[in-house]
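One structure is given below, encoded as structure tokens.
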Amino acid sequence: MWVADSYVGHRDDPDVASRLGDDPTTVVLSDTDRQRSRVRTETTDDRDLGIVVARDLADGDVLEADGELV
């Protein structure tokens, strides 16, 4: 399983946006899942992903998983 455990910033931040590229890996989470510190889910391209962050997530937040941005 791929694990995202580092919060990078928001996609609207110019520094983060420049690292994202044209076709970033994305995840869709429910409101409930965004408030959990640990979530097991799948990316929109069907990769198994665990999210382990100590903060509530919001639309547009960017995480790092094994050196890649999600």
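Using a 1.4 Å probe over the heavy atoms of the protein chains, calculate the carbon and sulfur portion of the accessible area of the chain as a whole percent. Walk me through the numbers before you get to the answer.
Numbers: 1810 of 4580 Å².
Roughly 40 percent of what the probe reaches on the chain is carbon or sulfur.
Positive end of the charge dipole of the chain (Lys, Arg +1 and Asp, Glu -1 on Cβ, about the Cα centre): tell me which of V39, A4, L63 has its Cα farthest that way.
So the residue we want is V39.
Note down the relative contact order for the chain as a percent, whole number, built from C-alpha pairs under 8 angstrom at least six residues apart.
Relative contact order, the chain: 48 percent.
Just grab the label-to-label distance for S30 and E64, each label 7 Å out from Cα along the Cβ direction, in nm (one decimal).
My value for the distance between the label points is 3.1 nm.
Counting only heavy atoms of protein chains, what accessible area per residue, in Å², does the chain have with a probe of 1.4 Å?
I get 65 Å² per residue for this part.
Computed from the mean reciprocal separation of all distinct C-alpha pairs, what Kirkwood hydrodynamic radius does the chain have, in Å?
12.1
Once the principal axes of the Cα atoms of the stretch 1-42 are found, what is the range along each, listed largest first in whole angstroms?
28, 20, 17
State the antiparallel share, in %, of DSSP beta bridges confined to the chain, rounding to the nearest 5.
Roughly 80 percent of the DSSP beta bridges within the chain come out antiparallel.
The values are calculated or read from the model by the stated rules, or taken from the named source; none is laboratory data. The structure presented is a predicted model; accordingly, all values stated were derived computationally and were not measured. Cβ atoms come from the backbone with ideal geometry, glycine included; neighbour counts cover every protein chain shown. Just the protein is used for accessible areas: all its heavy atoms, side chains included, with ligands, DNA and RNA removed. Shrake-Rupley method; radii C 1.70, N 1.55, O 1.52, S 1.80 Å.
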